[in-house]
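Contents: one structure, followed by commentary.
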């Protein structure tokens, strides 16, 4: 038997003990399902809430598309309402759906299970995190119903437009939006501290950092980014709230509305843009990094191969995270910045393509000659890969100042960011939900419905966003209620808008198939068993499915290997769980069997 | 944004340095047996041990991370302050002299919490109770002093909307005060623990967390205060 070699030196430090009595044990229905401190229940609460508000945002996008495809056919879609729908759709999708579901949903469910912990390290704060998130969501939705309606300033909430009269929701709407964002950030901070500290402090024995599944690396780094970047949004929200309510002039310049000078002095709208994008660009990676991690695991499991270049993948996640803080001003090329700054930010933006491309190569090389299983999660993973590459390539266009300037504020930008940070991550969300649903419920989702869901979503998304690039190159502006009677826009653009709208509505409707599948399978799905995908990570090795509170029964698992022992030469099965000791493996008789204990 | 960027660069450099130590010469694909303590399943006190930790108490790691978040917040506030102060309508605010006294009060509360921590380590419970009480009073006096300073400025016509420099003064002091109030919640729990004979290790941890947090908030206050003075 070979001696144990520590993979990180902290492993040899006298460890902390996780005491059973420290776990919260609910005794009532309310304690178990409502005010619950179990990370798995909190994850489900996050996921259901995020999907609910996401469906609302989906409906809003359908309404927007109806206006663009069939202008002035629906009386309730006024110009103001259109802008409000655009704003709410964007903000909900980016913050309240994607951020919440990746970190609050997947993070809560997977971190304790995958690192071999009983729960998050601060479960009470974790519970509060969800309830504050819910309050933020309710506040946001409430803004739809206040006098004046929700804000219509666009999801970037740029002042002075967001505050001055004439913009939809310039009164209560924007105030509720800002309060909601502040609440969201407070709630997220409580959850985020849990995610990071649990990964750092509560890994089970043998679970060294370099044995963590890439899902955990992605979530960990995204959470660190969020913890450091959300304060920028918080600061800008507080300052704008003060501008709107107390009349300060942080961002508000001296400005006249309808010929009347307002009381504001020489505030700086560009200052807001800096603060907003200091959060806004890392936000792209707050969404993308968990997706990168999850898709790595989906690909490895379904290709039955170890992930190619694990260490490179970890470093790429880290480097992408670091670089994401020095590219924010590429969103501001048209704000009148110094050309040298533009050059700097264009350079950093293009540099970030290197670690990102490295990840793409590694995913493709993992697929190469793999024993690929085309399960529904795998379809979504491949769908992500293709979509992310497409969206990333158009990012190269927009990262360059001379190309970005004419394309700025056109539909090209809308098509780019929807491909790269809407469709691509949502593919991973779906892939992840199909993958882990059996562990959460003990039942499989219906694969036929899943394949219908995938193919319609995938082809539909391309039907929406490919032609949208063309509209952008034609100069069709974004955020416009109507593009009729604009001389330079040809008739073909209107025809394309009709086609895009029809595709969008079909994609919207097919999401109901997914919701139906979720509900139906919960009651009538095939029993999943503990490890239906034959995966190696710890969440599939629990004694019970769904795992009980405390996750692992009386003893925590001990980890002997990384998360990617698939198709190991000489092994009987094509996967070896992380908690399988090397000397307990049934091995095939071969000449060079790496699983046999060394002499 | 320089202040925020410097802070973030420091954070990212720390993470990269730390991670480099974890990853160099590591072959994650190699399986291992755990034999350093004899038996892979060895337990202590019949409870499984957790190997993956930084070697610090979890609460301290949590506080450390929270302080990073708070530093990001204050760093961004400072960045906004410097950028806004370069615009032509900026009128420097004359900071009330009372702020010096307030600063002294906060410093005194820091000294007291240090002495309380020392007393805790010596097991002198009576001194611990006294220290917690005095420290809380000094902190509350600091907060009251800040409110008085607000009142002085307001009375003198330096209202929040009158100029951006005023607005930043109110914003800085409010942000700092809110953080201090949050700390007082933990302080109150420590005080209750001292009175109701909470076990020594847990009480000691609460006091130690308060010590770190008060030190941090004092340093942040100094930075904010001198920024306002020099503004």
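Tabulated data
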| read-out | value |
| --- | --- |
| Total residues in segment B:41-67, condition modelled with pLDDT of 90 or more and either assigned to a strand (DSSP E or B) or facing chain A (nearest Cβ under 7 Å) (or both) | 5 |
| Out of A:343, A:325, A:279, sole residue that is touching a residue at least 60 places away in the same chain (Cβ under 8 Å) and closer than 30 Å to residue A:153 by Cα | A:325 |
| Only one of A:271, A:318 that is touching a helix residue (DSSP H, G or I) at 6+ places or on another chain (Cβ under 8 Å), within 14 Å of chain B (Cβ to nearest Cβ) and closer than 22 Å to residue B:23 by Cα | A:318 |
| Residue A:68 outside any loop (DSSP other than H, G, I, E, B), modelled with pLDDT of 95 or more and over 19 Å from the mean Cα position of the chain (by Cα) | yes |
| Filter result for residue A:213 (more than 29 Å from residue A:275 (Cα to Cα), touching a helix residue (DSSP H, G or I) at 6+ places or on another chain (Cβ under 6 Å) and at pLDDT 95 or above) | yes |
| Residue check, residue A:173 touching a helix residue (DSSP H, G or I) at 6+ places or on another chain (Cβ under 9 Å), crowded, with 24+ Cβ neighbours inside 10 Å and over 27 Å from residue A:225 (Cα atoms) | yes |
| Filter result for residue A:223 (in contact (Cβ under 8 Å) with a residue 40 or more places away in the chain, buried (at least 24 other Cβ atoms within 10 Å of the Cβ) and over 22 Å from the mean Cα position of the chain (by Cα)) | no |
| Conditions (1) in contact (Cβ under 8 Å) with a residue 40 or more places away in the chain; (2) more than 28 Å from residue A:47 (Cα to Cα): number failed by residue A:421 | (2) |
| Test: residue in segment A:203-215 that is touching a residue at least 60 places away in the same chain (Cβ under 8 Å), assigned to a helix (DSSP H, G or I), touching a strand residue (DSSP E or B) at 6+ places or on another chain (Cβ under 8 Å) and within 13 Å of chain B (Cβ to nearest Cβ) | yes |
| Answer residue from segment A:546-585, given it is without any contact (Cβ under 8 Å) to a residue 24 or more places away in the chain and crowded, with 16+ Cβ neighbours inside 10 Å and is nearest to the chain's Cα centre (by Cα) among those | A:580 |
| Residue in segment B:25-40 that is at pLDDT below 80, surrounded by fewer than 17 Cβ atoms within 10 Å (Cβ to Cβ) and under 27 Å from residue A:306 (Cα atoms) present | yes |
| Search result, residues across segment B:70-88 that are in a helix (DSSP H, G or I), closer than 18 Å to residue A:270 by Cα and at the interface with chain A (Cβ under 7 Å from one of its Cβ atoms) | B:76, B:77, B:80, B:83, B:84 |
| Test result for residue B:112, buried (at least 16 other Cβ atoms within 10 Å of the Cβ), modelled with pLDDT of 95 or more and under 21 Å from residue B:219 (Cα atoms) | yes |
| Residue identified as touching a helix residue (DSSP H, G or I) at 6+ places or on another chain (Cβ under 9 Å), farther than 15 Å from residue B:135 by Cα and modelled with pLDDT under 95 among B:173, B:191, B:159 | B:159 |
| Helices (runs of 4 or more DSSP H) fully within segment A:365-454 counting 3 or more residues that are closer than 22 Å to residue A:57 by Cβ and at pLDDT 95 or above | A:376-399, A:411-418, A:424-441 |
| Scan of segment A:529-565 for residues that are more than 14 Å from residue A:111 (Cα to Cα) and outside any loop (DSSP other than H, G, I, E, B), ordered by number | A:541 |
| Residue identified as touching a helix residue (DSSP H, G or I) at 6+ places or on another chain (Cβ under 9 Å) and within 19 Å of residue A:106 (Cα to Cα) among A:52, A:62 | A:52 |
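A quick yes/no check of all residues on (1) under 26 Å from residue A:499 (Cβ atoms); (2) modelled with pLDDT under 95; (3) buried (at least 20 other Cβ atoms within 10 Å of the Cβ); (4) within 14 Å of chain B (Cβ to nearest Cβ):
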position: A:6; (1), (2), (3), (4): no, yes, no, yes
position: A:23; (1), (2), (3), (4): no, yes, no, yes
position: A:27; (1), (2), (3), (4): no, yes, no, no
position: A:55; (1), (2), (3), (4): yes, no, no, no
position: A:59; (1), (2), (3), (4): yes, no, no, no
position: A:75; (1), (2), (3), (4): yes, yes, no, no
position: A:95; (1), (2), (3), (4): no, no, yes, no
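The values are calculated or read from the model by the stated rules, or taken from the named source; none is laboratory data. What you see is a predicted model; the values in this text were computed from it and never measured. Cβ sites come from the backbone with ideal geometry, for glycine too, and all protein chains shown count toward neighbours.
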